[in-house]
Number of protein chains: 2
Amino acid sequence: MGELGDVKKVSMAVIKRLPKYHQCLGNLRNNEVERVSSQELSEYLGFTASQIRQDLNNFGEFGQQGYGYNVEQLYNEIAKILGLNTEHKMVIVGAGNLGQALANYQGFQLHGFNIIALFDVNPKLIGLKIGDIPILDSDEMIYFINENDVDIAVLAVPQDRAQQVVEQLCKSNIRGIWNFTSANIKPTRNVIVENVYLIDSLFTLSYRLNEEKLQERLAKQKMKKEIKIRR
Amino acid sequence: MGELGDVKKVSMAVIKRLPKYHQCLGNLRNNEVERVSSQELSEYLGFTASQIRQDLNNFGEFGQQGYGYNVEQLYNEIAKILGLNTEHKMVIVGAGNLGQALANYQGFQLHGFNIIALFDVNPKLIGLKIGDIPILDSDEMIYFINENDVDIAVLAVPQDRAQQVVEQLCKSNIRGIWNFTSANIKPTRNVIVENVYLIDSLFTLSYRLNEEKLQERLAKQKMKKEIKIRR
């Protein structure tokens, strides 16, 4: 039971890297690679070999010195750690463009995340289907979640309705909220919230664009200085 | 010029925290707070005060011991570092649900990111508008980007078309690609790519749901053991 106890201590930074390990090992497995060293993983992933060994040590002892990791085994272990060995039922709250885009995305089901309904307040949308997934009346949401053992609610409503919907969701047995709004939502009970802050990702891109500009400017200034010195 | 040189060394982990600083300082500024200590920032942000001082030191010397940071000044500096002091022009490639959802999102313009066109290959969509933003023919994309000094292309096409569109984009003067597909895209020249891997965020949520379950199971097992011992 030691491994279970260890799970608690893992830092968010490590957790955020686990999906990368999962993806990389999945690719190796699909290419019928049987074992892989932390050095090889390092080349694929861009983290250092020592970082990789440290990360994986959080969850038990998987590798053998001089042998490396068994790809199939490590892939399965990480899938288990990520909770991908059980089916998750999801609903999407908000059937606007974003809700519909998420409902259409095939990648979730591939990993055992099944979207079984969308909810909306708009009478024009209620009763329609996105693929096979029905759009239901938000009034039925709490009942539906409890009746169908839904784990995860995807929040895709307008920002100014976000908190109100979260409070409603907290009246159901929902366990996790995947928040696509930019609202700083506050659950009224112990529900896990994972925020998708798109603007942060855009700011990172903007920083990197800006960094290039700064470097270009710097390089030009250096060149000018050098020319002056030579004169 | 020392500050510009320093920009190069900043790690991705620090860069990813900058948007959080920006948001927090923006809130403080809006509440007319004039100065803030790293300790107070730590309480708002959930990073340690020492982490915050280290992060900010990457970009120059902003704080004064015993005084803290000037909110307005630090906010403006971080905005500059993030490249938010200049207007960015964006186009969205792919005018399906996701492209339309992104075009409708008001938060980008608020920070100087202006979406000026969507592109699609679907004749039924070409000529329509999302709000004020026209959907144009993908054939005009390269010309439009160069003619309008577009910085950033938002990639919202189906996964199997992603690489093809990226290669087209690389023929234009585009500088950054914000990738919403799950494709592992490879630009054919030096273009900055920022990937939005939604599945990673979902896996993180799943891990946290699973962690709770593991802890619950552990707690139950402990209780059973204790009951046995008492017997």
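Estimated purely from DSSP H runs of n ≥ 4, each contributing -39500 (n - 2.57), the mean residue ellipticity at 222 nm for chain B is -15000 deg cm²/dmol once divided by its residues.
Enumerate by residue number the GluC sites (Glu not before Pro) in segment B:1-104 meeting two conditions: DSSP loop (anything except H, G, I, E, B), and at most 15 other Cβ atoms within 10 Å of the site's Cβ. Kindly include the intermediate steps, with their values, before the conclusion.
Details: sites: B:Glu3, B:Glu32, B:Glu34, B:Glu40, B:Glu43, B:Glu61, B:Glu72, B:Glu77, B:Glu87; in loops: B:Glu32, B:Glu34, B:Glu61, B:Glu87.
Loop-located and lightly packed - B:Glu32, B:Glu34, B:Glu61, B:Glu87.
Only alpha carbons enter this Debye calculation for chain B, each as an equal point scatterer, and the log10 of I(q)/I(0) it gives at q = 0.12, 0.16 Å⁻¹ is -0.85, -1.15.
Between A:Asn184 and any residue 5 or more places off or on another chain, the built amide H atoms are never under 5 Å apart. Any idea what angle helix A:71-81 forms with the longest principal axis of chain A, computed on alpha-carbon atoms, 0 to 90 degrees, nearest 10? Approximately 50 degrees, to the nearest ten.
For segment A:88-196, what class follows from the C-alpha gyration tensor (a ≥ b ≥ c being the square roots of its eigenvalues): rounded when a/c is under 1.5, otherwise prolate if a/b is larger than b/c, else oblate? Each step should come with its number before you reach the end.
On the way: a/c = 1.31, a/b = 1.20, b/c = 1.09.
Rounded shape, in that the Cα axes give a/c under 1.5.
Compute the FRET efficiency between B:Ser11 and A:Lys186 as 1/(1 + (r/R0)^6), taking r as their Cβ-Cβ distance and R0 = 22 Å, and round to the nearest 0.05. Please report the intermediate quantities before stating the final value.
Numbers: r = 31 Å, r/R0 = 1.42.
That gives a FRET efficiency of 0.10.
Backbone geometry of segment B:26-40 corresponds, through the Karplus equation with coefficients 6.51, -1.76 and 1.60 at θ = phi - 60°, to 3J(HN,Hα) couplings of x, 4, 4, 4, 4, 8, 6, 6, 8, 9, 8, 8, 5, 5, 5 Hz, x marking Gly and Pro.
Distant-in-sequence amide contacts of A:Val193, defined by a placed amide H-H separation under 5 Å and a gap of 5 or more residues or a different chain, comprise A:Ile177. Note: relative contact order over segment B:2-81, using C-alpha pairs below 8 Å and six or more positions apart, is 39 percent.
Using the count of nearby Cβ atoms within 10 Å as a rough guide to exposure, how do B:Thr181, B:Thr86 rank from fewest to most? Kindly include the intermediate steps, with their values, before the conclusion.
Details: B:Thr181 23, B:Thr86 12.
Fewest to most other Cβ atoms nearby, the residues stand as B:Thr86, B:Thr181.
How would segment A:85-135 be classified by its alpha-carbon gyration tensor: rounded, prolate or oblate, with rounded meaning a/c under 1.5 and the a/b versus b/c comparison settling the rest? Taking the square roots of the gyration eigenvalues as a ≥ b ≥ c, segment A:85-135 is prolate.
Taking a ≥ b ≥ c as the square roots of the eigenvalues of the Cα gyration tensor of the protein assembly as shown, is the shape rounded (a/c under 1.5), prolate (a/b larger than b/c) or oblate? Numbers along the way, then the final one.
Numbers: a/c = 1.43, a/b = 1.19, b/c = 1.20.
Since a/c stays below 1.5, the shape of the protein assembly as shown is classed as rounded.
Placing a label point 7 Å from Cα along the Cα-to-Cβ axis, B:Arg35 is separated from the same position in the other copies by 6.1 nm, shortest listed first. Applying the criteria of a DSSP loop state and at most 14 other Cβ atoms within 10 Å to the trypsin sites (Lys or Arg not before Pro) of segment B:150-180 yields B:Lys171.
Throughout, read-outs are computed from the coordinates displayed, never taken from laboratory work. All values derive from a computational prediction rather than experimental measurement. Backbone-built Cβ (ideal geometry, glycine too); neighbour counts: all protein chains shown.
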